[in-house]
Each structure stands twice: as C-alpha cells, then as structure tokens.
Amino acid sequence: MWSTCRALIFALVAASNFWHVHVQEFCQSADPDYHCHDDAASSSQPSSSAVKSRWNVKVSNLTRDMDRFRVSCEKLIKLLPVEEVDGNFVRTVKNCIFSKSIPTPLRGPLWLAAVSKDVIEGILDLDVTVTQSEDFLLYASGGRLLPGSVPLAHRYGGHQFGYWAGQLGDGRAHLLGQYLNRNWEVWELQLKGSGKTPYSRSGDGRAVIRSSVREFLCSEAMHFLGIPTSRAASLIVSEEPVFRDQFYNGNVKTERGAVVLRVAKSWFRIGSLEILSESGEIDLLRKLLDFIINEHFLFIRADDPEKYVVFYSAVVNETAHLIAQWMSVGFAHGVCNTDNFSLLSITIDYGPFGFMESYDPNFVPNTSDDEGRYRIGAQNDVGLFNLEKLLVALSPLFTQKQQKLAKMILKEYANVYQMRILQIFKTKLGFLGEDEEDSYLVSFLLKMMEDTRSDFTMVFRQLSEGSANQLRSMNFTQMWALDDLSSHKLFSDWLNMYLLRISRQQSDSDLARQRRMQSVNPRYVLRNWMAESAIRKAEMNDFSEVELLFHILSSPFVTQDTAEEAGYAARPPLWANRLRVSCSS
Ligand code: AMP
Ligand code: MG
C-alpha cells in the first residue's frame, strides 16, 4: 500500500514543475542577535548623541544636520564616462555609463510618510530626528541637492519579457552619490520618482503613492527576512497629480506623486553590461566590468587573467542563491527582466511583486504578465535565461576557452540551485544532518500544499510552532493552515514520516527544533491585502498602517500582539482574492 502511494506521489511531484528549490544559510535570520537591532530600530525614544545601533553597539556622533551629510560622485565620475549633454529630454545615449540629470522637485506640500530608522541610523549615520526637518523633506524628494551630489541617471538596456528592449536606463531614478559610512561601507543613494531623465522614454518620471509604499515596505521587509535587497530610507508623498491607467483599460485616474530614497551597495544590473555589448562599446564594457569587480568583488584580483570568468561564476552562484531565498519565503518578483536583475545579486526594483499565499507554482503576482512568464515556479528558469544573456554580454571579453568554461559554469546553475533549495527547505523543516528521504519529504509536503491550496507561509510557521506531540495529535483547531493541509488524504502518512525523521535527530530536542524553525519561517510577510490596506490610508495622508506594517515586518519571526490583533497571521480576508497589481506604478 505504502509503496503504491509513494510511486503515486513521485509521479505527481515529477509532474509539478515547481520543485526546484535551493539552500541558503538563512543569513542573519538564524543568528540569535539578528533581531537585537530592532530594539533600536523600533524604539520611539528620541535618539541621543549615543544610541544603540542595529549592530547593538553604542554609536555616537550621528549627524543631526542634513547640511553636514556629504555624498560623493567623484569616483563614479572620474572612473566612468558621463554624458556631456545637459537637460532631461529623452534621447539615445552612446559611449557613456551615466548622464547628468537634475531631479525635478516634487510639488508640495510634502509629507514624510515613512522612515527606516535602521537605514537612517545604521547605514547613513544620521540621527533619525533629522528626518522630521524641512531640510530632510527637500533632500529626500529631489527639492535640494545633498552636499557633494552630482545627480546621475544610469544608462542601461535589458531583455524585457524575453525580448531585447534596447535602451532603458533610469527613467525616474537619480543616483545622488556614494556615502562612506562609519563601518567603511560605501552605499549608493538613489531617489525614485524624482522626475524625468534622458531615459524616461514615454514616462513622466514619477512614481505614485501605492507603488512607493510597496517598494518601501517590501525592500525593508525582505532585509529583515534575511534576503539580500536594496534598502529604503524614506518615503515622501506629495500633492503633485500623477496620471495612471492602473489596469491598462482606459480608466486613467489622478494619483499623487511620491519619492523613495533608497540605498544599495550598487545599482548596476545585467542590463548595464548588455547595452554596452549590444552596441559594440567593448572598451567601455571592459571598463565598467573592471570597475564593478574592483569595487564589489574584492576577492577577484585585478591581474587575474580569468577574472571575468570568476566574476561570471560568482554572479551565477549568487543569483541561484538569491532566487532560492525568494522561493523560501514565497516571494515572486513579478518582473524578472534582465534590467531588474542586480549584478550584486540583490533584490531590486520592486514593482508588481507578491508573496504567494495558497501554495501554487503558477502564482503570477503581476496582472500585466498574461502568459505567466514570471510565475513563481518559473523564477529559477528565468534566472537561467537572464544569466545566459549575461554570458552573451560578456562574450566579447572572453577567449574561446573562457567562453567554454563560462558555458560549463552556466550548466551547473541548475544543480547549484537544486542543492540550495533543498538545503533551505530542510532548514525550514528543522532537519539536521542528511537523510536520503529528505528531498522526498519536502516534495511530498509541497505537493500536498498544492493539492489543498494551503497557505505557504503559515504551514511552515505552524509546523515550527507545534510540539511533536501537538502535531501527532492532529488537533489543528488553533492552526488554520495545518488544518487545511490535513484535509489531504496522505497527510497522516507524511506526518508520520516527518515525526520519525525529527525524532531520529540526536543531540536535538523538540524545543530546539521549534526555535530553529521559528527563526527561519516567518509569521508575517507583506501580503498584498496588508499592503493594500496601508496604501488606502496613506492615500488619505494616514500613514499609521504603513508604520505599523514596517514595525511588524522588522521582526517577521517574532509573534507580536499588534500583528495578531490586525489579523496578519490569520486566514486572509475574502476581499484579498480580488486584489490585482499591475506594472503601472
Ligand atoms: P520598471 O518596469 O519599473 O523596471 O521600468 C522599466 C523602465 O521604464 C526603466 O527604464 C524605468 O526607469 C522606466 N520607467 C518606468 N516608469 C517610468 C516613469 N513613470 N517615467 C519614466 N520612466 C519610467
Ligand atoms: Mg526596473
């Protein structure tokens, strides 16, 4: 009987195209100190000259005067060519990496809708009280230039939905400059929604409140989930009218402009290299790649004749890792074009993303993606597609032998991904060591989740919260996601195997397993309905729910009363099913 079931499940799993997962170290999230900084981040105490930073050390001399906050563009401008033409009119740009472009100030009045104390103090060395000043509103919305800033728009191209789209570039983003912080980290500050640039094509250079709230909340939420990402420092909203046809059905509405101040170690993307290769600017391609390697791939020696292959190998590896991490929390990016894939393998350009609720490999968060090209279960394949495009872009710099080597590296991508995803899901299930049935147990569980449309986040969380005895009793009245899952006819077979697997772990205790699992299986993710509810209020200048969500998502692994009261770990409301997000932003 059991072997028949097993054969059946194997066949089902084989039929499902989803089971491509990865490993990860679950980065900081497994670190017991990881949440310490949140104490500082969420404290409502006004900061003093000595505050606790996110690294839990005393930090003094946080800057309280925006005029003393200096950025620099010197390195970028000295080492990379900048277009000489001035003015924010749309044009084709050649032989340059950047164009100078002055932001267009958002029309006031302005409101500070949200701020990440973690970024402001932990990365930018600013005392968070400065964000309450008029100066900050202006600096963080494009109304005034930071000392040292020479605002730049980056020229890049990209493959969009599978096809070469030519020149894209920063159409509504301005790189303000680099900031060297007290930890000797260099961060690049960018405004998004700050007006037209030479790359605006037919766009207005603006971003609306709804997409900006989503970017602010999600980039910070991803960070606290332990997933590499750009960060968001602040969100400023205005009264400036912005016209959007949100669902591309001719229903143009007036919305309001907003600007996110975001930071990343680098904003270069696959498309940054592609445009140079496509237009035959090979010397510039080499120059940009050398710059990126020197600045961000410190383990690669400048005189290594294989340096470009080593770079490629690192990007392949880290991209596999990143996508595996996305899958571990059910995150679908929504628009995995090559221009939205970072060369540093961090999550960038938040648009119509979504966290999968009911488990479904065909989950497509973006209603503009008719064919489901970027469905959640296809993200690893899309990663492969994008890395192939990167290989093509790098080809002019490779010898024949290196080209072969790069192809072999790319062939390994699928294996790397599989290994990582398996490791991640083993960690999510609390497994220690190796057991030949681990992969089978994971696939079996996912397949049952798919059949019962159980909630991805909460199934793993409730498995983490239940003691072995509780799980064995199968009394799931307090565990709605497991209750759904347990309706599967094979659930008790799986549960028995699972309990046997965890009971065999020597030097482990059930409590230790639960703790371990809770530190990697979030209780709260940014579900669409949560973001939507906060957005509706924000559009009426009530930012309380944005703040609440930000606060809760800063500790996604910790059960919080306010979150429970708001129903953030409960079954999603019925109206959540009707929500749609599109590319319009
Ligand atoms: P995205 O889909 O947001 O990654 O954007 C793709 C390209 O379109 C990028 O070059 C963006 O900068 C540009 N873009 C998107 N929205 C706008 C806008 N409202 N104004 C100008 N450019 C835009
Ligand atoms: Mg983009």
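The values are calculated or read from the model by the stated rules, or taken from the named source; none is laboratory data. All values reported here derive from a predicted model rather than from experimental measurement. Using ideal geometry, Cβ is built from the backbone for each residue, glycine included, and neighbour counts are taken over all protein chains shown. Just the protein is used for accessible areas: all its heavy atoms, side chains included, with ligands, DNA and RNA removed. Shrake-Rupley method; radii C 1.70, N 1.55, O 1.52, S 1.80 Å.
Tabulated data
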quantity: Qualifying residue in the stretch 302-322 (condition: in contact (Cβ under 8 Å) with a residue 40 or more places away in the chain, within 16 Å of ligand 2 (Cβ to nearest atom) and surrounded by fewer than 21 Cβ atoms within 10 Å (Cβ to Cβ)); calculated: no
quantity: Qualifying residue in the stretch 197-211 (condition: among the hydrophobic types (A, V, I, L, M, F, W, C), within 12 Å of ligand 1 (Cβ to nearest atom) and without any contact (Cβ under 8 Å) to a residue 60 or more places away in the chain); calculated: no
quantity: Which numbered condition Thr399 misses (of (1) at positive phi; (2) over 20 Å from the mean Cα position of the chain (by Cα)); calculated: (1)
quantity: Any hit, the stretch 138-161, residues being within 11 Å of ligand 1 (Cβ to nearest atom), of a type in the set (Val, Ile, Thr), crowded, with 19+ Cβ neighbours inside 10 Å and in contact (Cβ under 8 Å) with a residue 24 or more places away in the chain; calculated: no
quantity: Hey, Ser211 modelled with pLDDT of 95 or more, part of a helix (DSSP H, G or I) and more than 19 Å from Ile275 (Cβ to Cβ) or not; calculated: yes
quantity: Members of the stretch 170-196 that are open to solvent by 10 Å² or more (accessible area, probe 1.4 Å) and near ligand 1 (Cβ under 9 Å from one of its atoms); calculated: Gly171, Arg172, Lys192, Lys196
quantity: Those residues of the stretch 151-191 which are polar (S, T, N, Q) and not in a strand (DSSP E or B), in sequence order; calculated: Asn181, Asn183
quantity: Odd one out for Ser272 among (1) in a strand (DSSP E or B); (2) within 15 Å of ligand 1 (Cβ to nearest atom); (3) in contact with a Phe, Trp or Tyr (Cβ under 8 Å, 6 or more places away or on another chain); calculated: (1)
quantity: Pick from the stretch 226-256, criterion touching a strand residue (DSSP E or B) at 6+ places or on another chain (Cβ under 6 Å) and not in a strand (DSSP E or B), ranking: most open to solvent (accessible area, probe 1.4 Å); calculated: Val252
quantity: Any hit, the stretch 127-137, residues being charged (D, E, K, R), within 16 Å of ligand 2 (Cβ to nearest atom) and buried (at least 18 other Cβ atoms within 10 Å of the Cβ); calculated: no
quantity: Ser368 vs. criteria small (Gly, Ala, Ser), out of contact with any Asp or Glu (no Cβ under 6 Å at 6 or more places or on another chain) and away from ligand 1 (no atom under 16 Å from the Cβ); calculated: no
quantity: Residue in the stretch 279-286 that is open to solvent by less than 10 Å² (accessible area, probe 1.4 Å) and outside the structural domain of Arg155 (by TED's automatic domain parsing) present; calculated: yes
quantity: Some residue of the stretch 215-225 being at pLDDT 95 or above and part of a strand (DSSP E or B); calculated: no
quantity: Verdict on Leu298 being within 16 Å of ligand 2 (Cβ to nearest atom) and either touching a His at 6+ places or on another chain (Cβ under 6 Å) or among the hydrophobic types (A, V, I, L, M, F, W, C) (or both); calculated: no
quantity: Subset of the stretch 159-184 [over 21 Å from the mean Cα position of the chain (by Cα) and closer than 21 Å to Ala258 by Cα]; calculated: Leu176, Gly177
quantity: Members of the stretch 346-362 that are away from ligand 2 (no atom under 14 Å from the Cβ) and closer than 29 Å to Tyr156 by Cα; calculated: Gly354, Phe355
quantity: Leu124, sole failed condition from (1) within 25 Å of Lys94 (Cβ to Cβ); (2) part of a loop (DSSP other than H, G, I, E, B); (3) open to solvent by less than 10 Å² (accessible area, probe 1.4 Å); calculated: (1)
quantity: Set Val263, Val259, Val213: member being of a type in the set (A, V, I, L, M) and either open to solvent by 10 Å² or more (accessible area, probe 1.4 Å) or over 23 Å from His154 (Cβ atoms) (or both); calculated: Val213
quantity: The stretch 183-196, residues that are in contact with a strand residue (DSSP E or B) (Cβ under 7 Å, 6 or more places away or on another chain) and either free of Cβ contacts under 8 Å to residues at least 12 places away in the same chain or away from ligand 2 (no atom under 14 Å from the Cβ) (or both); calculated: Val186, Trp187, Glu188, Leu189, Leu191, Ser194
quantity: Those helices (runs of 4 or more DSSP H) lying entirely in the stretch 373-485 with at least 2 residues outside the structural domain of Ser509 (by TED's automatic domain parsing); calculated: 379-394, 400-428
quantity: Residue, nearest to ligand 1 (Cβ to nearest atom), within the stretch 320-350, restricted to residues that are touching a Pro at 6+ places or on another chain (Cβ under 9 Å) and part of a loop (DSSP other than H, G, I, E, B); calculated: Val335
quantity: Residues (open to solvent by 40 Å² or more (accessible area, probe 1.4 Å) and within 24 Å of the chain's Cα centre (by Cα)) located in the stretch 540-565; calculated: Ser544, Glu547, Leu548, His551, Val558, Thr559
